[in-house]
Amino acid sequence: MRAAPPSYDVGVSGAIDLHAHTSVSDGTETPTELVAAGVSAGLGVLAITDHDSTSGWDEAFRAAVGTGLTIMPGIELSTQLDYASIHVLGYLIDPANADLVAATARIREERLHRAEAMVARISADYSLTWDDVVAQTTPGATVGRPHIADALVARGHVPDRSAAFASILHWRGGYYRPHEAPPPVEGVRLITAAGGVAVIAHPGARGPQRVLSDARMRSLVDAGLAGLEIDHRDNPPSSRPHWEELARRFGLIRTGSSDYHGTGKPNRLGENTTSPEAYAEIIARGTGSRPVG
Ligand code: AMP
Ligand code: FE
Ligand code: FE
Ligand code: ZN
């Protein structure tokens, strides 16, 4: 009798959702609350992928003990190319990797300066102070437009985050500033060198779709890129055949995820999921940390 291929036996029951945020970045729930939401949603595996930070991992691991939910440790690294924001998911990285720690500290710092600059611009036309934004941010969190959005909501300028993103915070809204970040090829290298598995988040979203030519994809694959997050609400259906073709051509893992942000976005846990086979491949490739639970 032939043994089943071990790489496909990861003992997972329940759906696998590999992209979610907490209050460590721009999600509205603490890591403990995220885990509870994952349990309520009946998930088998949930990844914690805060923007440019791993500081929610330990709390999520502790909260998951005894729940039956497995936590996949991850990060969503901010990178930039031709003014497009490219997000690179990194699973199973070593959170203490010195180069990655230095790069993420720097990106968080750049994000802070950029948020301050945006608030300075907005405050010329709307009542809004930097303290308003700080009041909406967990100490040490990766600051982004969602925190400015929450401050605008608290001031009564807009009804919710999505309305803020559609108007004042829109990239064409007149107040937008990009933030500096390394190019994606550097992000993929950093994640891979930290033992992680690099996956381009929502490649069909406006920015990545515009700048990720086939030649650039080849460079990313050469730098260690492992996968593409094809099943994600920000990839328009018309964009997906292209990314599916690239995944086949370059032998990339196909993932699917919710990109849950708590009440900050309409995305629901488990609305898109990753196959057990793809999950097993990620586990087989990652060496910097292990899933917990
Ligand atoms: P930033 O990275 O600071 O430019 O802000 C973009 C981030 O805001 C992305 O990670 C989005 O996921 C997040 N975001 C949170 N809530 C919303 C929303 N309601 N609409 C659009 N983006 C949102
Ligand atoms: Fe986000
Ligand atoms: Fe993203
Ligand atoms: Zn995300």
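Could you compute the FRET efficiency for residue 135 and residue 171, with r as their C-beta to C-beta distance and R0 at 25 Å, rounded to 0.05? Taking R0 as 25 Å, the efficiency between residue 135 and residue 171 is 0.50.
Each peptide among 286-293, 188-195 gets the average number of other Cβ atoms lying within 10 Å of its residues, and from highest to lowest they stand as 188-195, 286-293. If the chain linking residue 214 and residue 287 were pulled fully straight, counting 0.36 nm for each residue of separation and taking away their Cα-Cα distance, it would gain 23.5 nm. Three principal axis extents describe the C-alpha atoms of the chain; from largest down they are 73, 46, 38 Å.
The alpha carbons of segment 146-293 give a radius of gyration and a Dmax of 17.2, 50 Å, in that order. Rounded if a/c is under 1.5, else prolate if a/b is larger than b/c, else oblate: which is segment 35-128, with a ≥ b ≥ c the root eigenvalues of its Cα gyration tensor? It is prolate, given that a/c is not under 1.5 and a/b is the larger ratio. 3J(HN,Hα) couplings calculated from phi for segment 268-284 with the Karplus curve 6.51 cos²θ - 1.76 cosθ + 1.60 (θ = phi - 60°) are, in sequence order, 9, 3, x, 5, 9, 9, 10, 5, x, 5, 5, 4, 4, 5, 5, 5, 5 Hz; Gly and Pro show x. The shape of segment 112-166 can be summarised by an equivalent ellipsoid whose semi-axes, obtained from the alpha carbon gyration tensor, come to 16, 13, 10 Å from longest to shortest.
With no solvent and one equal point scatterer placed on each C-alpha of segment 81-229, evaluate the Debye formula and give log10 I(q)/I(0) for q = 0.08, 0.12 Å⁻¹, two decimals. Cα-only, vacuum Debye calculation for segment 81-229: -0.26, -0.58. Rounded to 0.05, the FRET efficiency of the residue 244 and residue 106 pair, given R0 = 30 Å and the Cβ-Cβ distance, is 0.30. Among 69-79, 99-109, sorting by the average number of other beta carbon atoms lying within 10 angstrom of each residue, highest first, gives 69-79, 99-109.
Let's test the formula: R0 of 25 Å, r as the Cβ-Cβ distance of residue 124 and residue 98. What FRET efficiency results, to the nearest 0.05?
Numbers: r = 41 Å, r/R0 = 1.63.
Working from the Cβ atoms, E equals 0.05.
Here, each number is a calculation from the coordinates, and none is a lab measurement. Please read these numbers as outputs of a predicted model, since none were measured by experiment. Backbone-built Cβ (ideal geometry, glycine too); neighbour counts: all protein chains shown.
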